[in-house]
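See structure below.
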Amino acid sequence: MTITSYVTSLFSLEGKTALVTGPGTGIGQAIAVGLARAGADIIGTYHHTPLDDTKSLVEQTGRSFHSYQVDFADPKSQQQSVDAMLNSHSIDILINNAGTIKREQAAYYSEEHWHDVMNVNINSLFFLTQKVGQQMLQKGQGKIVNIASLLSFQGGVFVPAYTASKHAVAGLTKAFANEWANHHIQVNAIAPGYIATNNTQAIRDDASRNEEILKRIPAGRWGKPEDLAGAAIFLSSSASDYMNGHILAVDGGWLAR
Ligand code: NAP
């Protein structure tokens, strides 16, 4: 076997269909395009951001792209769209990427923000994974990658709901992995470090906070969304068939500090 065919047999996603939530921008878009370049057809969900750019980037790789509108803050809308999706597609890879963050001091954190963040980041993730997982259990195979956070390990400041939700993402990753590992479904997570996306625009715009963060990152720079693609391909491919319930940090060394 040549080096190229050995690497291809480990990492190729040819013939697979990946559902990526929130691939309109940032990390989700980079992962969707990365998976497509590795051979997967892509289904994307959006709430506000049209997926035209992502569709065009995916189609340039020769793979197909379908999209569905889902509001993960609204469980009812989610249920109908997810049923429609699963009736039309057989999902091999699920990337739970959609997420939101609301900044407010814990002492004054509003109930509305709390429920919004919990609905999008953890409640919807659970019910979507449950539904897609049922289909994977019938097929006897699947790959699930949750997008966790450094705040799956640390407390953060002014983002209590986000921190609670991302700790829960890490916990659910292990809980699903334990139940499904012997059905050949690997459930793992990626914990991105500080990545330059819409989500982090506010802290990048704050010069002193930006400097503080950069000083602590051993790699000395913010991550780019494309920095996450390799880990996502790895956790979606047979190269990771004996990995279960792992939270893989891609953080320029932040947690090692
Ligand atoms: P982003 O560009 O703002 O992407 C967030 C995505 O989530 C968007 O595609 C958005 O879709 C979707 N979304 C938000 N609320 C939704 C809702 N109610 N219903 C459906 N979709 C919704 O930010 P990002 O940084 O790439 O974030 C992607 C993931 O990485 C998130 O889970 C985030 O917590 C995580 N993360 C990011 C960082 C970082 O430094 N950037 C670090 C750790 C973890 P629409 O645009 O259509 O609303």
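When the alpha carbon gyration tensor of the chain is reduced to an equivalent ellipsoid, its three semi-axes come out at 28, 22, 18 angstrom, largest first. Annotation: peptides 207-213, 56-62, ranked by per-residue average of other Cβ atoms within 10 Å with the highest first, follow the order 56-62, 207-213. Counted by Cβ distance under 10 Å from Ser110, the other residues give a net charge of -3, where Lys and Arg count +1 and Asp and Glu count -1. Computed over the alpha-carbon atoms, the range 90-180 gives an Rg to Rh ratio of 1.04, Rh here being the Kirkwood radius from the mean inverse distance. Positive-end ranking of Ile122, Thr61, Trp180 along the dipole of the chain, with charges on Cβ about the Cα centre, is headed by Trp180. With a 1.4 Å probe and every protein chain left in place, work out the accessible area per residue of the chain in Å², rounded to a whole number. Result: 48 Å² of accessible area for each residue.
Mean residue ellipticity, 222 nm, helices only, the chain: the sum of -39500 (n - 2.57) across DSSP H runs of n ≥ 4, divided by residue count and rounded to 500, is -13500 deg cm²/dmol.
Got a number for carbon plus sulfur as a percent of the chain's accessible area, 1.4 Å probe?
Taking all protein chains in place, the chain shows 51 percent carbon and sulfur surface.
Cross-link partners of Lys131 among lysines, defined as those whose alpha carbon lies under 17 angstrom from its own and excluding same-chain residues fewer than eight positions apart: Lys76, Lys139, Lys143. Under Stokes-Einstein, with the Kirkwood radius over Cα pairs as Rh, the value for the range 49-99 at 20 °C and 1.002 mPa s is 171 µm²/s.
Percent of C-alpha pairs per 10 Å bin in the range 23-157, short distances first: 11, 39, 35, 12, 2, 0. As a length-normalised measure over Cα pairs under 8 Å and 6 or more apart, the relative contact order of the range 139-239 settles at 32 percent.
Each residue of the range 90-104 was assigned a 3J(HN,Hα) from its phi angle through the Karplus expression (A = 6.51, B = -1.76, C = 1.60, θ = phi - 60°), giving 9, 8, 9, 9, 10, 10, 7, 9, 3, x, 9, 9, 10, 9, 6 Hz with x at Gly and Pro.
Across Gly223, Gly22, Gly155, mean-square fluctuation computed from a Gaussian network of the chain (C-alpha pairs under 10 Å connected) peaks at Gly155.
The values are calculated or read from the model by the stated rules, or taken from the named source; none is laboratory data. In this text the structure is predicted, and so the values were computed from the model without any measurement. Here Cβ is always computed from backbone atoms with ideal geometry, including for glycine, and neighbour counts include all displayed protein chains. To get the accessible areas, we keep the full protein, side chains included, count just its heavy atoms, and leave off ligands, DNA and RNA. Shrake-Rupley method; radii C 1.70, N 1.55, O 1.52, S 1.80 Å.
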